[in-house]
Structures are given as C-alpha cells and as structure tokens.
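The values are calculated or read from the model by the stated rules, or taken from the named source; none is laboratory data. In this text the structure is predicted, and so the values were computed from the model without any measurement. A quick note on method: Cβ atoms are made from the backbone with ideal geometry, for glycine too, and the neighbour counts reach across all protein chains shown. Ligands, DNA and RNA are excluded from the accessible area calculation, which covers all protein heavy atoms including side chains. Shrake-Rupley method; radii C 1.70, N 1.55, O 1.52, S 1.80 Å.
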Amino acid sequence: MKANEQDHNKYSAAIDNIQEGNNVMIELFNDLEDEIPLIRFGEDVRENIEKAKIKFGDHVVDGKINTVVSEMLSWLDLDDVELDEEDETETVEDNNE
C-alpha cells in the first residue's frame, strides 16, 4: 500500500492511540479484584430466589429480602463498629445496581 506523508502520519497516530488504549485496558485488567459475595446463599436458597424473581419481579423480591435482613441485623449491637471508607463506598455502589 502506498501512502504519502499525511497518510503515514495518520496511521502512525492511529497506531499510537491503539497502543495507548491497549495499555489502559491492561492496567484496568491488572487492577481487577475478585468480587467476594456479601452473603453466600446455599444453592436451594439461590434457586428459590430466582424462582421468586421470575414470579414476583426483582424489585419485589429484593425489597422483601432487604426488609428481612434489615430486621435480623437490628437484633445485633452494631453501634460500636465503623466501616472504613472503601467498605462504605462498595456498599453504596452495590445498592445502586
């Protein structure tokens, strides 16, 4: 393929951009952390949650589970426990999904 100086410069810039994007993707991949589930449900519970979500919808089932878990946690004395900022950020992000 023949190219003049302007074409050569465009291709060179495009290759530089691709390489830069590739480096960013590699950096993002290297920074990934394993997601650790907040609650590890048993297989039978997972199956029933999936069935309930099909029958009643995600919003209803999520709301009911949150209500029950919130009530159970209210039985525990957690006032003396503080989350570090990273834990709080992850919790807020998880709730927004």
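Calculated accessible area for segment 1-49 comes out at 102 Å² per residue, all protein chains present (probe 1.4 Å; ligands, DNA, RNA ignored). Packing order of peptides 73-79, 17-23, highest average first: 17-23, 73-79 (average count of other Cβ atoms within 10 Å over each peptide's residues). This model, with +1 at the C-beta of Lys and Arg and -1 at the C-beta of Asp and Glu, gives the chain a dipole about its Cα centre of some 1020 debye. By accessible area, using a 1.4 Å probe on protein heavy atoms only, the chain has 53% of its surface on carbon and sulfur. Projecting the Cα atoms of ILE65, ALA14, ALA52 onto the dipole axis of segment 13-89, where Lys and Arg carry +1 and Asp and Glu carry -1 at the beta carbon, places ALA52 farthest toward the positive end.
The count of lysine pairs in the chain that are at least 8 places apart or cross chains, and whose C-alpha atoms lie under 21 Å apart, stands at 4. Values (i) 29; (ii) 23; (iii) 60 are given for comparison; percent of Cα pairs over 22 Å apart, derived from the coordinates here, is the one labelled (iii).
Where only DSSP H runs of four or more residues are counted, the chain gives -24000 deg cm²/dmol as its mean residue ellipticity at 222 nm, each run worth -39500 (n - 2.57).
Multiplying the sequence separation of LEU76 and VAL60 by 0.36 nm and subtracting their Cα-Cα distance, what value in nm do you get?
Details: separation 16, 0.36 × 16 = 5.76 nm, distance 2.53 nm.
Between LEU76 and VAL60, full extension yields an extra 3.2 nm.
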